[in-house]
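Since the structure comes first, as structure tokens, the remarks are kept for the end.
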Amino acid sequence: MSQLAKPDDQTLCVQHPAVSLDGYQSFSTPVYRASTIVFDTPQAYRERAQRSPDGYTYGLSGTPTSRTLEAQLSSLNGAVRTIIVPSGQAAISALMLTVLKAGDHVLLPDNVYPPVKQFASELLVHCGVATSVYDPLDLPALERAADTERTRLIWIESPGSTSMEVSDIPAIVRIARSRGIMTGCDNTWATALYCKPLQLGVDVVAEALTKYVGGHSDLLLGSLSFADIELYGRVRRQLANLGVGVSPDDCSLALRGIETMGVRLERVGKVAADFAQKIEGRAGIAEVLHPALPTSASHALWQRDFAGSSGVFTLRLAGTSQQAVDRALGELQVFAIGASWGGTRSLIAPMSLANDRSFADMDRDAVYLRISIGLESPSDLWRDLENMLNALADPSR
Ligand SMILES: *Cc1c(COP(=O)(O)O)cnc(C)c1O
């Protein structure tokens, strides 16, 4: 047996000494960084493919940091596995690129996160995948549009982006299952704390962790949580084909964010519901779109399928000019103007749905204000909103 010589200094520089972890018990998950994974034997290296999809073979396919976040989201969603991807949009596109092939057809709700429609019209179409947009409130029409032969996926987003309609998820699942069609649901607004689409029968749930899990407007991540292990393996493999992985630093921030998600959601949900109620009926406001309002057409479904409401809701303004809206938004000092909600800072985004919707029977010229409540003092926020509402009510001010 050869005696191991003491390595030279240059070797000592690249080999970290092993230290004891005995007694080191911390609440935090380490940031495990790696591109390379090393193997104990040549045979283990040769057979590394057998470790897929759950084992560690290369940094791109996961680290203990990302797997910890995945396991946590699986547990919250009641999923068999979760995959973390670089953004919410990437979660949706990765799923669709895995399950849809040339000749297939996908159904997207009219109120879907708008970049998903763009993904379909600019990318899926070139893969030979046909897309139809369905009215999330007209299920008989969805039944007619769901084609047993061609339709592979019915996508759901509930509540829908900006216009906030709650879908009848179990009814859509029944339509899909009776035709052998897969369902997926974007659950970003509710998070797994307030809605569990897998329990309602959906096959896969997407969430933009960028929003409430991250919670601090400083990271981009998305997740896919699966009811079925086979589909999980296929998506994992497709992500390897695409060369898509996530940074353990971002996962570490998400692991920190998710610890406070429960209290953050409770707070922003309560303040948003309170403000929505107080704003209803005020001059200049045509409609407050929030499913927790008893006056909302979505209220009954929300009560049936959701355990709470988060901090995002929308105001539809009554016959206001762009100029008057701009002036009213100029009154805001606490709310910032911007998108990508779910952080500690309150946001307002002026939106138009005119070019975005095929079905909603809506006033095409209406301006919508999407509001995301943050963690500032509720009385400071209300004072700020009242200044804006007063300016909207009296454009001559
Ligand atoms: C923000 C958002 C997304 C996209 O998330 P990113 O991480 O910004 O790509 C998807 N769906 C919904 C409902 C969203 O609000």
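Read the figures in this text as sums done on the coordinates, not as results from a lab. Since this is a predicted model, take the numbers as computed values, not measurements. Every residue, glycine among them, receives a Cβ derived from its backbone with ideal geometry; neighbour counts consider all protein chains shown.
Computed values, structure above
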| read-out | value |
| --- | --- |
| GNM top mover of Ile37, Ile175, Ile84 - the chain, alpha-carbon springs below 10 Å | Ile37 |
| Rg over Rh [alpha-carbon atoms, Kirkwood Rh] for segment 325-397 | 1.02 |
| Kirkwood hydrodynamic radius over Cα pairs of segment 180-257, then Stokes diffusion coefficient at 37 °C and 0.692 mPa s, in µm²/s | 242 |
| Sum of side-chain charges, Ser352 neighbourhood, beta-carbon under 14 Å (Lys, Arg +1; Asp, Glu -1) | 0 |
| The chain pair-distance distribution - Cα-Cα, 10 Å bins, rounded % | 5, 21, 28, 23, 13, 6, 3, 1, 0, 0 |
| Top of Ser74, Ser66, Ser340 by mean-square fluctuation, Gaussian network on the chain, Cα under 10 Å | Ser340 |
| Relative packing of peptides 381-391, 122-132 - highest average C-beta neighbours within 10 Å first | 381-391, 122-132 |
| Label zone at Ser26, where the point sits 7 Å out along the Cα-to-Cβ direction: segment 209-230 residues whose backbone N lies under 19 Å | none |
| Gained length - Ala336 relative to Glu280, 0.36 nm times residue gap less alpha-carbon distance | 18.0 nm |
| Positive-end extreme of charge dipole, the chain - chosen from Ser178, Ala34, Ile373 (charges on Cβ) | Ala34 |
| Label-point separation in nm, Ala5 to Arg256, each point 7 Å along Cα→Cβ | 4.5 |
| Only Lys, Arg (+1) and Asp, Glu (-1) charged, at Cβ; segment 148-219 dipole about Cα centre in debye | 320 |
| Paramagnetic reach from Ala171 in segment 135-151 [backbone N under 16 Å; point 7 Å along Cα→Cβ] | 135-146 |
| Most fluctuating residue given options Lys196, Lys278, Lys270, as computed from a GNM of the chain linking Cα atoms under 10 Å | Lys278 |
| Simple label model, 7 Å out from Cα along Cβ direction - His299 to Glu376, nm | 2.9 |
| Helix runs (DSSP H) in the chain reaching 15 Å along axis by Cα, Kyte-Doolittle at least 0.5 | 88-99 |
| Cβ-based exposure ranking for Ser252, Ser87, Ser321, in which fewest neighbours within 10 Å come first | Ser321, Ser87, Ser252 |
| Point-to-point label distance, Ala34-Arg327, nm (Cα→Cβ direction, 7 Å offset) | 6.3 |
| For the chain, size of Cβ-based charge dipole, Lys and Arg +1, Asp and Glu -1, in debye | 600 |
| Footprinting exposure proxy for Tyr56, Tyr212, Tyr113 (fewest neighbouring C-beta atoms within 10 Å first) | Tyr56, Tyr113, Tyr212 |
| Percentage, to the nearest whole number, of Cα pairs in segment 261-393 over 26 Å apart | 19 |
| Antiparallel %, DSSP beta bridges [both residues in the chain], to 5 | 55 |
| Cα point-scatterer Debye curve for segment 42-259, base-10 log of I(q)/I(0) at q = 0.09, 0.10, 0.17 Å⁻¹ | -0.34, -0.42, -1.19 |
| Charge tally in the Cβ shell below 12 Å around Ile92, where Lys, Arg are +1 and Asp, Glu are -1, Ile92 excluded | -2 |
| Cα centroid separation - segment 1-38 against segment 171-187, whole Å | 49 |
| Within the chain, helix-based [θ] at 222 nm, where runs of 4 or more DSSP H residues each add -39,500 (n - 2.57), nearest 500 | -10500 deg cm²/dmol |
